[in-house]
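Engineer: Structure incoming, see below.
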Amino acid sequence: MKIAVINFSGNVGKTTVARHLLLPRIPGAELIAVESVNADGGHGAGQNGSAAQSLRGRQFAALQEYLQTIDSAVVDIGASNVEELLNLMQLYRGSHEDFDCFIVPTVPVPKQQQDTIATLIELSRLGVPPNRVKLLFNMVEATVSVEEAFYLLLAFLAERPLAAVNTACRMRANEIYARIRGLSGDQADLARLASDDTDYKGLIRQSCDIAQRLSLAEKLATHRLASWVVPEHDACFEALGLVEAQAPPCASSDEPPPDTARVSTIADFVRAEPASEQAPRAAP
Ligand SMILES: Nc1ncnc2c1ncn2[C@@H]1O[C@H](COP(=O)(O)OP(=O)(O)OP(=O)(O)O)[C@@H](O)[C@H]1O
Ligand SMILES: [Mg+2]
């Protein structure tokens, strides 16, 4: 299964959804981050003032080729590259068909809902049918329904049904994401954090050191938040109905899926030379 996570808006949770909701639930999937890359190969704003580059045709071509070689991927498209990616998809006619599904996370802020509408219109212009575009309602507050929080967007969709809408595809605002920001591996693995059976309360009782008690209390709180969020992600993933959208696996592949998900970034494609001059890209 190959999924693109996309929205013209920044900060709607594309990376969060890609990393924490989708990647752990799609066996063997590789995460590919299409984000701005500096001339020095770093991500985001250049430390030495180098300008961020957006996706270019050659990188998109390499990304497309690479997607043909793998069975499952979650492609997280950073906001600064969405416009370019959609332009390139138009040039490479039919390339959107490489994705089984486009997941569009959105948040209640009106400006972000407007950007979400613009994203849905662009996907539709590209020829992506509504059943392959799925909205994911993110940062929903406990006291407000999806219908109320996303009134603008849902009113638009009632007129122009450009995406599949299931209000069960939702994620509450949760502090856990701030707690695990910048962490990787087991420390950012929500399922692992949720199943952590350390007796933190017992350890806190035994400790006389305030700093240690605070550190243990923090871990206990993270465990509790993760225990809430994992079943929420399970329910949201099920509501997305991705299993039905999944293409059959490659018949000749009898390799078992890898234990750990692979992660690569567009930087791997940035350095790629034109296809005719280069050796195949090494697996990250
Ligand atoms: N449900 C949520 N509850 C609380 N915080 C959240 C939630 N979803 C995402 N966030 C936080 O919002 C911020 C933006 O999320 P994220 O980086 O996933 O957005 P993005 O769409 O990938 O942005 P960009 O386009 O800039 O890459 C992050 O700090 C993330 O931890
Ligand atoms: Mg992101």
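Throughout, read-outs are computed from the coordinates displayed, never taken from laboratory work. None of the values given here were measured: they were computed from a predicted structure. Cβ placement follows ideal geometry from the backbone for every residue including glycine, while neighbour counts extend to all protein chains displayed.
Engineer: Select from region 156-235 those GluC sites (Glu not before Pro) which occupy a DSSP coil region and have at most 16 other Cβ atoms within 10 Å, ordered by residue number.
Structural biologist: On the way: sites: Glu159, Glu175, Glu218, Glu232; in loops: Glu175.
Sites meeting the loop and neighbour criteria: Glu175.
Engineer: Under the definition of Cα pairs under 8 Å and six or more residues apart, what whole-number percent is the relative contact order of region 178-230?
Structural biologist: Values: 39 pairs, mean separation 23.5, N = 53.
Relative contact order for region 178-230 comes out at 44 percent.
Engineer: Under a point spin-label approximation (7 Å from Cα along Cα-to-Cβ), what is the Glu97-Leu214 distance to one decimal in nm?
Structural biologist: Taking the two extended label points, one gets 5.9 nm.
Engineer: If you don't mind, there's one more thing I want to ask. Starting with the fewest neighbours, write out Thr143, Thr116 ranked by other beta-carbon atoms found within 10 Å of each beta-carbon.
Structural biologist: Values: Thr143 7, Thr116 25.
With the sparsest Cβ surroundings first, the list reads Thr143, Thr116.
Engineer: Quick one: check the C-alpha center-to-center distance for region 61-112 versus region 157-228, whole angstrom.
Structural biologist: Taking the Cα centre of region 157-228 as reference, the centre of region 61-112 is 28 Å away.
Engineer: Going by C-beta contacts inside 10 Å, put Arg125, Arg224 in order with the fewest on the left.
Structural biologist: Values: Arg125 11, Arg224 14.
Ascending Cβ contact count within 10 Å gives the list Arg125, Arg224.
Engineer: Something else now. Based on other C-beta atoms within 10 Å, arrange Ile117, Ile6 from fewest to most. Please report the intermediate quantities before stating the final value.
Structural biologist: On the way: Ile117 20, Ile6 26.
Arranged by neighbour count, lowest to highest, Ile117, Ile6 become Ile117, Ile6.
Engineer: Could I ask something else about it? Each residue of region 145-153 in turn: what ³J(HN,Hα) in whole Hz from Karplus with 6.51, -1.76, 1.60 and θ = phi - 60°, glycine and Pro shown as x?
Structural biologist: Result, ordered by residue: 6, 4, 4, 6, 5, 10, 3, 4, 5 Hz.
Engineer: If amide hydrogens are placed 1.01 Å from N in the peptide plane, which non-local residues have theirs closer than 5 Å to the one on Arg172?
Structural biologist: Under 5 Å from the amide H of Arg172 lie the amide H atoms of Val140, each far enough along the sequence or on another chain.
Engineer: In addition: Share of Cα-Cα pairs in region 178-230 beyond 16 Å, in percent? Each step should come with its number before you reach the end.
Structural biologist: Numbers: 571 of 1378 pairs.
Tail fraction, whole percent: 41.
Engineer: For Asn174 and Val243 in the same chain, what is the full-extension length gain: residue separation times 0.36 nm, less their Cα-Cα distance, in nm? Mind dumping the intermediate values first?
Structural biologist: Values: separation 69, 0.36 × 69 = 24.84 nm, distance 2.62 nm.
Going from the current span to full extension adds 22.2 nm.
Engineer: Amide H to amide H under 5 Å from Val75: which residues, 5+ apart in sequence or cross-chain, H placed 1.01 Å off N in plane?
Structural biologist: Ile3, Ala4, Val5, Ile32
Engineer: Treating cross-link reach as a plain straight distance, find the lysines whose alpha-carbon is under 19 Å from the alpha-carbon of Lys2, omitting any fewer than eight places away in the same chain.
Structural biologist: Lys14, Lys134
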